[in-house]
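Read-outs: derived from the displayed coordinates by stated rules, not from any lab. What you see is a predicted model, and the numbers here were worked out from it, not measured in a lab. All Cβ positions, even for glycine, are placed from backbone atoms using ideal geometry, and neighbour counts span all protein chains on display.
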Amino acid sequence: MTDTREGRGKLYVVGTPIGNVDDLSPRARDVLAKADVIAAEDTRHTRGLLSRIGVDQRLIAYHEHNEAERVAAQAAGIDVIPVPGPCAAIAALSAAGLPTDHFVFEGFLPRRESARAERLEWLRREQRTMVFYEAVHRVAETLAALRHAFGDERRAAIARELTKTHEQIETGNLAELEASIDSRIPLLGEFVIVVAGAAAATPDETEARRVYELLATELSPDKALKLTTAVTGVSRNALYRLTRT
């Protein structure tokens, strides 16, 4: 959204509701009402929102196909001002019952099966909570892919139609949630999938002992212990005990 009436152009990035129009902040309403031009990815949806709040400003389409020609605000010296608002990822995370101290937003996974599998393999050891978006016609296959990559027992949550009349949030493990699709969880609306991160890896003491024994053939016991601890993460005391048994 732009406002040029003060001489120098300003671009306001306005967070709009993900469903419930009452989530639009008073500040966001005021900024939209005073804008010269409002740019939106989905003009039909935005026009409906503006109509409901009594705003009739000029509306243009802004999406990935015309992004380069529509705006390069910072390069042009235009002030970019954020107006925070609702976010489906944060809303789902807040209600998922999974750790929120560290998380990673993954957005939409690749559509091609091979690319999706490659991405999930890369995420298999991710210890932060993961947040994904998914379209209704792909949510079932995405859940199957998540279960295949992370295992049946990985904890997760599915949020559907957030802030809307038929909002639904289901929690469980990936196997349970996949089995619930199109039965307890209807294939309707927009989906957010939240998945617990992998458990922290524990040092492999067997491997640590093998590394120590290899190093000890070339180094003094003290140096071999020090290097093995640095490489494997097994504590010096534990390693000392292992090498004496």
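Brief remarks on what is shown
- Ordering of 134-143, 116-125 by packing [mean C-beta count within 10 Å, highest first]: 134-143, 116-125
- Net length gained if the chain between Val13 and Asp36 were fully extended (0.36 nm per residue, minus Cα distance): 6.9 nm
- The chain - share of DSSP beta bridges that are antiparallel (%, nearest 5): 55 percent
- Amide hydrogen proximity for Val55: with H placed 1.01 Å from N in the peptide plane, no residue at 5 or more positions away or on another chain lies under 5 Å.
- Highest-fluctuation residue, Leu214, Leu49, Leu11 considered, GNM on the chain with Cα pairs under 10 Å: Leu214
- Extending 7 Å from the Cα toward the beta-carbon at both Asn237 and Arg58 defines two label points whose distance is 7.2 nm.
- GNM remark for the chain: springs join alpha carbons under 10 Å apart, and the peak mean-square fluctuation among Ile90, Ile78, Ile169 falls on Ile78.
- With θ taken as phi - 60° and the Karplus curve 6.51 cos²θ - 1.76 cosθ + 1.60 applied, the whole-hertz 3J(HN,Hα) list for region 173-183 is 8, 5, 5, 5, 5, 4, 5, 8, 5, 6, 10 Hz, x standing for glycine and proline.
- Cβ-Cβ FRET estimate between Ala76 and Arg112, R0 fixed at 41 Å, reported to 0.05: 0.65
- Which of Pro221, Ile169, Trp122, positive extreme of dipole for the chain (C-beta unit charges): Pro221
- 3J(HN,Hα) from dihedral phi, region 99-105, Karplus parametrisation 6.51/-1.76/1.60, rounded to Hz, x for glycine, proline: x, 10, 5, 9, 8, 10, 9
- Computed about the Cα centre, the dipole magnitude for the chain is approximately 460 debye when only Lys and Arg (+1) and Asp and Glu (-1) carry charge, each at its Cβ.
- Between Tyr212, Tyr133, Tyr62, the residue with the greatest mean-square fluctuation in the GNM of the chain (Cα pairs under 10 Å linked by springs) is Tyr212.
- Sites Asp152 and Ile90, calculated FRET efficiency, Cβ-Cβ separation with R0 22 Å, nearest 0.05: 0.20
- Alpha-carbon Rg with Dmax, taken over the chain, Å: 25.3, 80
- Under the criterion of Cα pairs below 8 Å and six or more residues apart, the relative contact order for region 118-173 equals 26 percent.
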